[in-house]
Amino acid sequence: MIMPQTVFAYTKSILERVSFDAKLFCKELEKALKNLLPYEIELLRDWLLQFTAEKPELKQCLIYIK
């Protein structure tokens, strides 16, 4: 049986797909923060720091995760 995709994994896949557009990336990040559990937000913060390391245009979106 295939496990359903977690909200966290789904969020990461969406953010990866929209990373070409900083405005859209920020919008999707805001939506994700409303749906994730506190520990998932911590995981997302760690992932975002790595993901945006080589994408300076997306660093502005990190203000949403403080």
Accessible area of the chain belonging to carbon and sulfur atoms, whole % at 1.4 Å probe
60
Can you run phi through the Karplus equation (6.51, -1.76, 1.60; θ = phi - 60°) for segment 40-55 and list ³J(HN,Hα) in whole Hz, with x for Gly and Pro?
5, 5, 5, 4, 5, 4, 4, 4, 4, 4, 6, 4, 8, 4, 9, 10
At 222 nm, what helix-only mean residue ellipticity would the chain give, in deg cm²/dmol to the nearest 500, using -39500 (n - 2.57) for each DSSP H run of four or more?
-18500 deg cm²/dmol
List the aspartates and glutamates whose alpha-carbon lies under 18 Å from that of Lys23, not counting same-chain residues fewer than 8 positions away?
Glu54, Glu57
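In nm², what is the average projected area of the convex hull enclosing the Cα atoms of the chain?
Working: hull surface 18.4 nm².
Approximately 4.6 nm², given one-decimal rounding.
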Over the chain, average the accessible area per residue using a 1.4 Å probe and give it in Å², no decimals.
73
So for Lys66, Lys27, what's the accessible-area order with a 1.4 Å probe, most first?
Lys66, Lys27
Using a Cα-Cα cut-off of under 14 Å, which aspartates and glutamates could be cross-linked to Lys31, ignoring same-chain neighbours fewer than 8 residues away?
Glu40
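For Cα pairs less than 8 Å apart in space and 6+ apart in sequence, what is the mean separation divided by the residue count of the chain, i.e. the relative contact order in percent?
36
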In debye, nearest 20: dipole of the chain around its Cα centre with unit charges on the Cβ of K, R (+) and D, E (-)?
180
Simple spin-label model, 7 Å along Cα-to-Cβ: Glu42 to Gln60 in nm?
3.1
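The values are calculated or read from the model by the stated rules, or taken from the named source; none is laboratory data. Being a predicted model, the structure only gives us computed values, none of them experimental. Cβ: placed from backbone, ideal geometry, glycine included. Neighbour counts: every protein chain shown. To get the accessible areas, we keep the full protein, side chains included, count just its heavy atoms, and leave off ligands, DNA and RNA. Shrake-Rupley method; radii C 1.70, N 1.55, O 1.52, S 1.80 Å.
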